[in-house]
Structure formats: C-alpha cells, structure tokens
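Asks: The structure's right below; bear with me while I get my questions together.
The values are calculated or read from the model by the stated rules, or taken from the named source; none is laboratory data. Here the structure is a predicted model, which means the values were calculated and not measured. Using ideal geometry, Cβ is built from the backbone for each residue, glycine included, and neighbour counts are taken over all protein chains shown. Heavy atoms of the whole protein, side chains included, go into the accessibility calculation; ligands, DNA and RNA do not. Shrake-Rupley method; radii C 1.70, N 1.55, O 1.52, S 1.80 Å.
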Amino acid sequence: MYVTISDFIKEWDKEAVLTQKVLDGLTDASLTQQVYPEGRTLGRIAWHFTTNIPDYLSHFGLIMDKVENTENVPTSAKEIAETFKKVSDEASQAIEQQWTDSSLSQLQKAFGREETNAQILMGLIKHIVHHRGQLTILIRQAGLKPFGVYGPPKEDWSHLGVQNPPL
Ligand code: NI
C-alpha cells in the first residue's frame, strides 16, 4: 500500500505509460470491436476508464476538470489516446498538489465501506488495469497485435528466440 504520495505517483506514472501504449496502438476501426453483439465496444471501454479518472478523483475530494461530452464515445482513436494522456497527467498533478503523505491514511466512505485514501487511489489503478485487460482481448479480436503490457504478446516470443512461450 502506498505510504507516500511519491510511491503512488511512481506507480501511477508507470501504469499510465503502459495504458498509453495500449491506447496508442488502437485504430479508428478497432474502436467498434465488440465482445458480443450487444456488448460494449472497445472504444466505449477505453473512453469509460479515461473519463472516469476525474469523475472518481472528484468524488473523493480532489479538484479536477472533468472530461467534456463524456456520453459521446469518440470515433477517433487519437482523441481517446490524447484525452487519456491529458487526464492522467492532470490526475498526478492534482494528487501531488492537493494531498500530502498524511492524506493517504485518512479514511473516507467508499463503495459502502471505510477505505483509506491510499486504498481509494489503488482502486483507481485497479479499475484502469481491469478494463485495460478487456481491451487487449478486443484488440486481438479486432485483428491488431496488442501491446505487451506485462510481457510480450505471442508474436514477440519468437522474435526473442523462444518457440514455446511459458503460459
Ligand atoms: Ni468500470
């Protein structure tokens, strides 16, 4: 668990770089990929976790600008990727400027229970990681090669000289 703001920011920035790489690999056509006919599209999922960042942090007391027109999922992959970049940078600035290390151990009501602000911040990272995992499946279904978030996608094992990758 995060004890200092700088611990959190390090983790936030590291995950944001990985998420950015996933989003930068999207094409406009891939945004309409669905997991089943009535399912959410890839674009909607990416837009959801992006626009949720300021909504979530504002809900827990940080002052941040919300994303405009959140109900309209962009048809441009570049717009989603650029919005994520802006929002994730603004989030780390807001947290650094508005909270101190001692804020992290303060309790707030969250999801029907008491959580520390450190847990609340970790919840935001988990939310993004959860949906980012969904995206990588949809990216594959859309016929694109997913970015290897925590390890290489299957194509890159062979480039590394590995014929039978570990599961
Ligand atoms: Ni969600």
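Asks: I'd like the full set of residues that are open to solvent by 30 Å² or more (accessible area, probe 1.4 Å) and in contact with a helix residue (DSSP H, G or I) (Cβ under 8 Å, 6 or more places away or on another chain), limited to the stretch 21-35.
Replies: Across the stretch 21-35, the qualifying residues are 24, 25, 27, 28, 32, 33, 34, 35.
Asks: Considering every residue within the stretch 65-80, establish whether at least one is of a type outside the set (A, V, I, L, M, F, W, C) and under 29 Å from residue 3 (Cα atoms).
Replies: The initial filter retains those residues of the stretch 65-80 that are of a type outside the set (A, V, I, L, M, F, W, C), namely 65-66, 68-72, 74-76, 78-79.
Still in the running and under 29 Å from residue 3 (Cα atoms): 65-66.
Among the residues of the stretch 65-80, at least one is of a type outside the set (A, V, I, L, M, F, W, C) and under 29 Å from residue 3 (Cα atoms), which makes the answer yes.
Asks: Tell me whether the stretch 70-86 contains one or more residues that are of a type in the set (D, E, K, R), outside any helix (DSSP H, G or I) and either without any contact (Cβ under 8 Å) to a residue 12 or more places away in the chain or surrounded by 14 or more Cβ atoms within 10 Å (Cβ to Cβ) (or both).
Replies: yes
Asks: Can you pull out the residues in the stretch 36-69 that are within 13 Å of the ligand (Cβ to nearest atom) and open to solvent by less than 90 Å² (accessible area, probe 1.4 Å)?
Replies: 45, 46, 47, 48, 49, 50, 51, 52, 53, 55, 56
Asks: Report every pair of residues separated by at least 6 positions or lying on different chains whose Cβ atoms are under 9 Å apart, first residue within the stretch 50-68 and at pLDDT 95 or above, second among the basic types (Lys, Arg).
Replies: Close Cβ pairs (under 9 Å, with a partner that is among the basic types (Lys, Arg)) amount to 51/66; 54/66; 55/66; 58/66; 67/86.
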